[in-house]
Amino acid sequence: MKRAKCFVFSLVEVVCYLVLIVCVLISVAFVTLLERKILGYIQIRKGPNKVGFMGLLQPFSDAVKLFTKEQTVPTMSNFLPYYMSPVFSLFISLLVWVVLPYEIGFMSFNLSILFFLCCLSLGVYSTMSAGWSSNCKYSLLGSLRAVAQTISYEVSLALILLSFIVLVGGMSLDLFTNYQSGVWFCLISIPLTMIWFTSCLAETNRTPFDFAEGESELVSGFNTEYSSGGFALIFMAEYASILFMSVLFVIMFLGSSPCSIMFYVKSISVAFIFVWVRGTLPRLRYDKLMYLAWKSFLPVAINYLIFFLGLKVMCFSMVI
């Protein structure tokens, strides 16, 4: 009897996760449409408005076009890593969604922040593999840039997360919602909020940190040799990561639960800021990017960590 109940519960979890994946993929499609519309308004031109009412069917039209095109494979490529890298990249981007606190008992576990950091680190391998296996110098240079950039900003992200782990006393994202019922964390730690958002831009390879796609010297970065379905999977993985970072930002700094309407309004607002930054700022120089990570963000994150540790020790000693 117990075995049957466990099987049914596991089956329900799998079905819930599949529904979640479908919802995320549909959201990714409309985030691309949102980006094109916003960039159209910023650049004073028309966004996509031909396919369907106000261009609502444009993302699905693009998906059909990409997946029905011929798949080209470079002759000198290492085929298996070349073929599997986009699949692994999208898999990691979708797997990380299980860490969100859904409040319905669906895959909510106590070490969700640790799991998020593990998935964040695994994304580096798919980027490196995609660039190396193409056997193209431009792809390799793009992947090396992306890996160096991702690893650099992961340090700041991990230290900021560690600061808040000390503050809330646990690694579950549920705690962030509970502790922000009175005041949002973004109001008591504005520098950390700005650093986190900027690091998220760098982690997702967005403007002004899209050095993997320096058109003047690298054509399109680590995905230069990809076409058709492979390119579409890399594209979907990038936008799924942007959407997840927006949702995580809302949970960590704006104190909302996925069960409230305001949670989704705030998430769309953060995603809008991602696009707004792309339409506003030019690309930085690569050495300035590294200086920003190691000479500016890292000292601030370490100082805040020491401050929160001292605050926790002081509160603990007062209680005793």
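Coordinate-derived values only; no laboratory data. If you're wondering where the values come from, they're calculated on a predicted model, not measured in any experiment. Glycine also receives a Cβ, built like all others from the backbone with ideal geometry; neighbour counts cover every protein chain displayed.
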When Rg is the radius of gyration of the Cα atoms in segment 21-81 and Rh is its Kirkwood radius, what does Rg/Rh come to? 1.14
Most mobile listed residue (I44, I190, I251) in the chain, GNM with C-alpha springs under 10 Å: I44
For segment 126-187, what is the largest minus smallest coordinate of the Cα atoms on each principal axis, given in angstrom and ordered from greatest to least? 53, 18, 16
Which of the listed residues, S156, S172, Y82, is farthest toward the dipole's positive end in segment 60-319, when Lys, Arg count +1 and Asp, Glu count -1 at the beta-carbon? S156
Percent RCO, i.e. relative contact order, over segment 22-174, from Cα pairs under 8 Å lying at least 6 residues apart: 19
Tally Lys and Arg at +1 and Asp and Glu at -1 over the other residues with C-beta under 11 Å from the C-beta of P208: what net charge comes out? +4
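Using alpha-carbon pairs under 8 Å, 6+ residues apart, how would you state the relative contact order of segment 60-319 in percent? List each step's numbers first, then the result.
Numbers: 337 pairs, mean separation 72.3, N = 260.
Contact order relative to length: 28 percent.
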Sorting check: for 28-36, 72-80, which peptide has the highest mean count of neighbouring beta carbons within 10 Å, and how do the rest follow? 28-36, 72-80
Hydrodynamic radius (Kirkwood) for the chain, which is based on Cα pairs only, to one decimal in Å: 21.1
Scanning the chain for helices, which whole DSSP H stretches are 18 Å or more long along the axis (Cα) and average -1.0 or more by Kyte-Doolittle? 2-42, 79-95, 112-133, 137-168, 190-203, 228-253, 261-280, 298-319
Projected onto the charge dipole of the chain (+1 at Lys/Arg Cβ, -1 at Asp/Glu Cβ, origin at the Cα centre), which of L141, W184, M54 gives the Cα projection farthest towards the positive end? M54
Net charge dipole size for segment 60-319 [Lys, Arg +1 and Asp, Glu -1 on Cβ; Debye, nearest 20]: 380
Residue-by-residue Karplus 3J(HN,Hα) for segment 173-180, coefficients 6.51, -1.76, 1.60, Hz, glycine and proline x: 6, 4, 5, 5, 5, 5, 6, 9
Segment 67-167: C-alpha pair distances exceeding 15 Å, %: 70
Over all Cα pairs of segment 214-304, the Kirkwood radius sets Rh, and Rg/Rh then becomes 1.05
